[in-house]
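Chemist: I'd like to ask some things about the structure below.
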Amino acid sequence: MLLSGIGMDEARMLAYGSDHELIHRASMLRDAIKGRVVTYSRKVFIPVTYLCRDHCSYCTYRKEPSDVDEVMLKPEHILAIAEQGRRAGCTEALFMAGERPEQRYAEARAWLRERGYASTIEYIADMSRMVLERVGLLPHTNAGNLTLDEISMLREYNASIGLMLENASARLMGRGMAHEHAPSKHPSLRLSTMESAGKARVAFTTGLLIGIGESMDEVLDSLEAIMHVHKRYGHIQEIIVQNFNPKPHTPMAGHPRPERRYMLRIVALARLMMPYMNIQAPPNLNPAFGAFLDAGINDWGGISPVTIDHVNPEAPWPEIEHLRRITEGKGFRLRARFPVYPEYIRDEYLSSRVMEVINRMRDEHGLVKGY
C-alpha cells in the first residue's frame with residue numbers, strides 16, 4: 001500500500017467519485033499507519049470569557065458584557081473547574097476565549113488592567129500556569145489568532161495550542177457569508193498564527209468547519225493550505241473535521257447542516273492527503289458517529305465527564321463508556337491521550353514544566369496510564 005499522501009489532482013478526482021472507493025481507501029490507510037487504537041482526551045472546558053470582537057454568523061458562544069455576570073472567569077472559579085476535572089480523571093484543561101475582547105470592550109480592558117494584565121492572552125497564560133502547577137491538568141488554549149510572542153508565552157504552561165482554520169477561502173468573508181463580520185477569521189491571519197506556532201515549536205491543533213457555504217474545491221484548498229504549513233514545520237498534530245450546527249437566533253439559523261455523506265468524504269480525503277495526521281470528528285455533533293471510524297479518523301477529540309461543550313451547548317458529549325462501546329464495536333481499542341499526542345511528547349515541543357507533569361501520568365506508549 002502506498003503510504004504517501006495523494007496529490008491535489010487525485011484528491012479532486014476522488015472528491016467527486018465513488019463513495020465506496022474513497023472511504024475504503026482511507027480506512028485501509030488509517031489501519032496501515034495508525035493501527036486500531038482510537039484516542040480521545042478527557043478534559044474540562046474552561047470558558048475564560050464569552051466576550052469577542054467578532055460576530056460570526058453561526059455563533060452563540062459570544063456574549064455582550066451586559067449578558068454576563070463577570071467579564072472574565074475569576075481564578076477561583078477556574079481552579080474549581082480544574083479540580084472537579086482532576087477528580088473525574090481528566091488530564092486536559094481547555095482554555096477557551098473570544099477573539100481579543102479588550103480591543104472592543106472597555107469593560108474587558110478595565111477588568112484586565114485592574115488585575116495587572118495587558119491582554120486576555122496574558123491572563124490565560126497566568127491561569128494556565130496556575131492550573132498546571134496547582135492542579136496538575138495540562139492546559140490547551142484556543143483563544144483566536146496569536147502572535148509569535150504570545151505563543152511563546154503560552155508554550156511555557158500549555159501542552160498544545162489550537163486554532164481552527166475553518167476554511168482557506170476569503171470568499172467566506174464576503175457580504176452575507178459566514179465570516180462577513182468576523183475579521184479575525186480571514187484565512188491569512190489564521191495561517192499566520194499556524195506559521196508562528198511552527199516557529200515556536202508548539203504542537204498545534206487546527207481544522208475545518210464544514211457546511212458554512214464552502215465548496216468542495218475550497219475544502220480541498222483548505223486541506224492543502226494546512227498541509228503546506230505542516231510540511232514546513234512538522235508541528236500540526238491534529239486536523240478536526242467539524243460540522244456546522246445551525247443555532248437559533250443567529251443569521252445562519254436556517255442554514256442546513258452538512259450531509260453526513262459530505263462529512264465522511266471530507267474525513268476520507270483528509271486521511272488520503274495526509275496519511276500520518278491525527279484526524280478527528282466530534283462525536284457530540286454527529287448522530288451515529290461510529291461511521292467516521294470507517295472513513296479514517298483515529299481520534300474523537302476532547303470529551304468531558306464534567307463540563308458541557310460551551311461552543312455547542314445543545315450537543316452533549318457522549319458518555320465515555322458509550323463512546324467505548326461504539327469504538328470497540330467497530331473493532332478498535334479506545335485509549336485516553338493527553339492534549340498533546342504521543343509523537344509530540346518531546347523536549348522540542350514541550351517546556352520542562354509541562355513535560356514533568358506528563359511524565360507522571362504517561363505509559364510506555366505516551367498515553368494516559370489507566371485510561
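Quick note: the coordinates plus some simple rules give every number you see, no bench work behind them. Here the structure is a predicted model, which is why all the values come from computation and not from measurement. We place every Cβ from the backbone using ideal geometry, glycine too, and count neighbours over all the protein chains shown.
Chemist: Name the pairs: first residue in region 63-76 and under 19 Å from Ser119 (Cα atoms), second residue among the small types (Gly, Ala, Ser), Cβ to Cβ under 7 Å, at least 6 apart or on different chains?
Modeler: Listed by first residue and then by second, the contacts come to Val71/Ala108.
Chemist: Ok, one more. Hey, Ile240 hits all of (1) without any contact (Cβ under 8 Å) to a residue 24 or more places away in the chain; (2) part of a strand (DSSP E or B); (3) aliphatic (A, V, I, L, M) but one; which does it fall short on?
Modeler: (1)
Chemist: Only one of Asp19, Asp67 is surrounded by fewer than 17 Cβ atoms within 10 Å (Cβ to Cβ) and out of contact with any helix residue (DSSP H, G or I) (no Cβ under 8 Å at 6 or more places or on another chain); which?
Modeler: Unique residue meeting the criteria: Asp67.
Chemist: Would you mind telling me which numbered condition in (1) of a type in the set (Phe, Trp, Tyr); (2) touching a strand residue (DSSP E or B) at 6+ places or on another chain (Cβ under 8 Å); (3) within 18 Å of Pro339 (Cα to Cα) Phe244 fails?
Modeler: Exception for Phe244: condition (3).
Chemist: Mind listing whichever residues of region 75-101 are farther than 30 Å from Tyr371 by Cβ and over 17 Å from the mean Cα position of the chain (by Cα)?
Modeler: Arg100, Pro101
Chemist: Out of (1) crowded, with 16+ Cβ neighbours inside 10 Å; (2) over 16 Å from Arg53 (Cβ atoms); (3) within 19 Å of the chain's Cα centre (by Cα), the odd one out for Thr193 is which?
Modeler: All conditions pass for Thr193, except number (2).
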